[in-house]
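Read the structure below first, then the notes.
Values quoted throughout were computed directly from the atomic coordinates according to the rules given, and no laboratory measurement underlies them. For clarity, every value in this text was computed on a predicted model and none was experimentally measured. Note that each Cβ is placed from the backbone with ideal geometry, even for glycine, and that neighbours are counted across all protein chains shown.
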Amino acid sequence: MATIIVDGKQYQAEAGDNLLKACIKLGIDIPYFCYHPALGSVGSCRLCAVKRFRDADDKRGRIVMSCMEPVSEGMIISVNDEEVKNFRASVIEGLMTNHPHDCPVCDEGGECHLQDMTVMTGHNNRRFEFKKRTQKNQNLGPFIHHEMNRCIQCYRCVRYYRDYAGGKDFGVFGSHNHLYFGRFEDGQLESEFSGNLVEVCPTGVFTDKTLKKHFTRKWDLTNAPSLCTHCGVGCNTIVSERYGTVRRVMNRYNHHVNGYFLCDKGRFGYEFVNDPSRITVSSYKGKALDVESALLKATELIRSGKTIGVGSPVASLEANFALQQLVGAENFYAGVSKAQWELVCAVRDIYRSKNVKTLSLAEVEKAEGVLILGENIINTAPRAALSVRQAVKNKPFAGAAALNIADWNNSAVKIAVGTEKGPLYIFASGKNKLEDVASISKDIDTAYVEKIAEAIAASLKGNLNTVSLNEDEKATVKQITDNLLSCKKVAVISGTSSMSKKLLALSAEIASLLNTSSCESGIYLVVPHANSLGLAVLTSNTIEQVADAAENVVLLEANSIEESVITFSEKAKNVIVLVYKSPEKLNSKALVLASATFAESEGTLVNNEGRMQRYFRVKNTGEDVKASWMWLSQLKAMLDNSNYLSFDSLVKKIGESYPELNKIVDVAPGAGYRESAMKIPRQTPRFTGRTSMYANVDLHEQKPQNDENSALAFTMEGSREVHPAQLNAIYWKPGWNSVQATNHYLRDLDNILKAQQMGINIWNVEK
């Protein structure tokens, strides 16, 4: 730590941080554009100017860019000096000369970083009286809307897209102040991470086209902390709703998992929640039923004979556990093929063995070397691929650090390292989009990957000559092992898509062997679904192990059910399906219970690394649609003539029933949590439309919805204190209203989101 003096006051700051980051952490407002904590500093916008003084006797000082100044012991600066305030005001005035000033109609209006910074610098008078520059907008595909006239040339977009995400089809054209940011021609952006431009751009050049289709002002949205359910990474999200429909999904910072960025599937893959063909009413053999009738019919069917429960790897722990309680542990099976389920259980057993450290994506991102075996992660865990892209920079960056160049000094580091990359070795089938940064990338079948993995393990044991490879292959393997051992940290990545238990075991063995006195290694294993590992804790059995068809089968969230499970269910006398979109093959005989999606329910998921995380509903459903865990708990209560279990009670019972999950109660505060005797609002303080939302229906204000299963309120009323990280879905403060300005909350992010349990790893091994 270093002592710095800002406008006469002493502060403690992290030595080596850039001054802008240090001041933001300390709660000192300095306007900025081009700086981003994940992208570093380039000093291009000139807006973060401060005055630095040589010593206490220096009364004149000099103007410096705070994003390019490293924090040092005893440095004296001024943020509020008149000369520097005038400098910042002139900079923003220059940047605004060609901006259209279209706030009332702009998608970003009210949630715009440019607005925030313009107000912060005091710019309120336009002296520019000439024609403004007009640019042609591009069609960038179905997800990203382009408004080039709003650009203030901060370079964030191109720095993110090309340097961070590795995209090739986007760039900057022109020179000086005549610049154009876009593609060489109209067309959909090719990168799987293009949607992050929406949050990276501080001025609204790139906006969410899916939100634009059903546009809502940001302060009229209802928000909830949630999780992406499209793969096993478990990225944290903020889901926003208005008038009963989901309007957008944004990234929610989690240091351990997704950091500042999402993949496009996680950001834009939410429209199924709004699908008009969704099942919103329960039915039996095609005949609609109300909730009470559906429950009575379900109890009748279950009492008629033996009932088997089929759990789902996309459903929450709570829903799967409630089904297990309903049918009994001996009758509860995973709705996954035997071959795939054996692989998921193998991943679980590797984590359980605790022979090797399990890595978070933050730790993968810090690795100096990466070995990928049998897994094309760009397809199965896209966010992990983005972390790997950053990992290959670490070893060259260490060389830059030896030259006393800080890693945040983006331009200087790029010049120092050039095209140098750290060791990344990929052995998997299919074309891999990480080839451009890989030392070796081989498109080979699983059998050959196993052979290479065996050779690497043998080489680490000093037995390479015992492996049947030719001399060139042995030389390559020896080079791989030597390069990995030269790294301080190594990440070994594999997964289930190779369909090889042998390869999973070899990956774990290699990670263990790479742990030496000078090299620390760990493993990151990819599973197919959002809660595959959670379901694997509850059962090791798959439906294909059932010898005889049961009288009754209960299918949980069968929208993603495998064909083998449907075939098995067709043989049963009665089928009960909890689903929001039912398989057509079962409609003629099934009792369909209309179930909620992730946006309409709460639950806990276990991700690729074994991290339990909680998501919350952003909106209530009608009376006819219920969360799966709620349907099943009510059925259990009716069958046993017992008390209905609330969500918190269900969570507590899971922790008591499974030692591995005993910390599930600590994943997030329960429904009884209050701050100053108040719930935590789902809406920003500026929410203005609540009383008029349904004026066309009833002039009287409707009673706000009540959420009995969480500490969140469906209104703007509630505590505005610093919330527990797990419950925080709104980053808002007067003067810092934009999504991009969440960087302002680095102080909170560092001290709260990192310190508090943003998910709990049930198998993590501390070395």
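General observations
- When 421, 285 are sorted by how many other C-beta atoms sit within 10 angstrom of their C-beta, beginning with the fewest, the order is 285, 421.
- Residues whose placed amide H lies under 5 Å from that of residue 576, excluding near-sequence neighbours: 553, 554, 555, 591
- Simple spin-label estimate for residue 275 and residue 644 in nanometres, 7 Å along Cα-Cβ: 2.8
- 123, 178, 145 arranged by Cβ crowding within 10 Å, fewest neighbours leading: 178, 123, 145
- For region 126-274, alpha-carbon Rg relative to the globular expectation (2.2 N^0.38 Å, N residues): 1.11
- For region 522-552, the residues whose backbone nitrogen is under 15 Å from a point 7 Å from the Cα of residue 339, taken along Cα to Cβ, are 544.
- For residue 101 and residue 693, the FRET efficiency from 1/(1 + (r/R0)^6), where r spans their Cβ atoms and R0 equals 30 Å, is about 0.50.
- Relative contact order for region 2-95, counting Cα pairs under 8 Å that sit 6 or more residues apart, in percent: 35
- Bridge orientation summary for region 1-104: considering DSSP beta bridges with both residues in this region, about 90 percent are antiparallel.
- Residues with amide H under 5 Å from that of residue 17, placed H, sequence gap 5 or more: 71
- Cβ-defined net charge surrounding residue 349, 11 Å radius [Lys, Arg +1; Asp, Glu -1]: +3
- Zero-based 5 Å bins, Cα pair distances in region 346-527, whole percents: 1, 9, 18, 21, 22, 15, 8, 4, 2, 0
- Ellipticity at 222 nm from helices only: DSSP H runs of n ≥ 4 in the chain, each -39500 (n - 2.57), divided by the residue count, give -7500 deg cm²/dmol.
- Relative intensity, log₁₀ I(q)/I(0), of region 542-644 from a Debye sum that treats every alpha carbon as a point, q = 0.15, 0.18, 0.19 Å⁻¹: -0.75, -1.02, -1.09
- The separation of region 668-684 from region 102-180, counted between C-alpha centres, amounts to 37 Å.
- Once the C-beta distance of residue 515 and residue 177 is scaled by a Förster radius of 45 Å, the resulting FRET efficiency is 0.25 to the nearest 0.05.
- Here the Karplus relation 6.51 cos²θ - 1.76 cosθ + 1.60, evaluated at θ = phi - 60°, turns the backbone of region 124-136 into coupling constants of 9, 9, 8, 9, 6, 10, 9, 5, 8, 5, 10, 10, 7 Hz, with x for every Gly and Pro.
- Estimated dipole of region 2-95 in Debye, rounded to 20 [Cβ of Lys and Arg +1, of Asp and Glu -1, Cα centre]: 140
- Among 268, 94, 301 the positive-end extreme of the charge dipole of the chain (Cβ point charges): 94
- Relative contact order for region 126-274, counting Cα pairs under 8 Å that sit 6 or more residues apart, in percent: 20
- In summary, the lysines within cross-link reach of residue 571, defined as a Cα separation below 27 angstrom excluding same-chain residues under 8 places away, comprise 285, 287, 297, 306, 338, 581, 585, 589, 636.
- Table column - 3J(HN,Hα) (Hz), region 464-473, Karplus curve with 6.51, -1.76, 1.60, x for Gly and Pro: 4, 5, 7, 8, 7, 10, 6, 5, 5, 5
- Estimated dipole of region 152-262 in Debye, rounded to 20 [Cβ of Lys and Arg +1, of Asp and Glu -1, Cα centre]: 340
- Considering only alpha-carbon pairs that sit under 8 angstrom and 6 or more positions apart, the relative contact order computed for region 335-411 is 26 percent.
- DSSP bridge orientation in the chain - percent antiparallel, rounded to nearest 5: 55
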